[in-house]
Amino acid sequence: MALRGYVELSAECVQDPKLQQMIEKEETIIEMISQQILFTQEYEDLGVNAPVWQALDATVMNASAGLDLSRISLTIASDNLEIYADHLLGKVFYNLMDNTLRYGETVSGITVSCEKRAGGLVILYTDNGVGIDAEARPNLFERGFGKHTGLGLFFTKEVLSITGLSITETGTPGKGTRFEITVPEGEYRFPGSPVRQS
């Protein structure tokens, strides 16, 4: 925080365009350091508390509260789904929505839904942005891979794996992202609503 303050003060005093460019790079590095610190704090919390049942619609809505979705429609079709997962489940959806905002470019809509499949259930997170390059897909959830800190999707995978959930990206480049979160039998329930079959 102190370093960020001094860099901001320097930016106000500097007129030289070359120095201003250097200060912008310094600000980018400070932001990355800040994200690394935040990631370390959150990663330490992984698995510390016992998993709990969490309503998907409330989890997604709470996660979206910290993001600017004013120009994007968010649709949640959860059929009252509850997931037995780590208490950081909300960060999974925060990270997915944050990625949509950062890289979706043309995105105007996000949908979170679910469907029953053999052996479990799949939560579908889709958007209508530019999608993810096919070449990036094999490394998408690796630590350090990506355009920003390379920690968001890695962290997402780790949070889900605590209770046996997994995530893959199956979207079509140019037509949006499609993340599929597979939830094994026993890790989900529907208090009172049927779920559609696939």
Region 129-153, subset at pLDDT below 85 and outside any loop (DSSP other than H, G, I, E, B), residue farthest from Ile83 (Cα to Cα) | Glu135
Single residue of Val107, Val92 found to be closer than 24 Å to Trp53 by Cα and assigned by TED's automatic domain parsing to the domain that holds Ala63 = Val92
Of all residues in region 70-102, count the ones that are within 14 Å of the chain's Cα centre (by Cα) and of a type outside the set (Asp, Glu).
-> 14
Would it be correct to say that Gly171 is modelled with pLDDT of 90 or more, of a type outside the set (Val, Ile, Thr) and within 25 Å of Ala50 (Cα to Cα)?
-> no
Return a yes/no flag: does region 67-74 have any residue that is at pLDDT 95 or above, of a type in the set (Gly, Ala, Ser) and surrounded by fewer than 18 Cβ atoms within 10 Å (Cβ to Cβ).
-> yes
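The values are calculated or read from the model by the stated rules, or taken from the named source; none is laboratory data. Note that the coordinates shown come from a computational prediction; the quantities given were computed from them, not determined experimentally. Every residue, glycine as well, gets a Cβ built from its backbone with ideal geometry; the counts of neighbours run over all protein chains shown.
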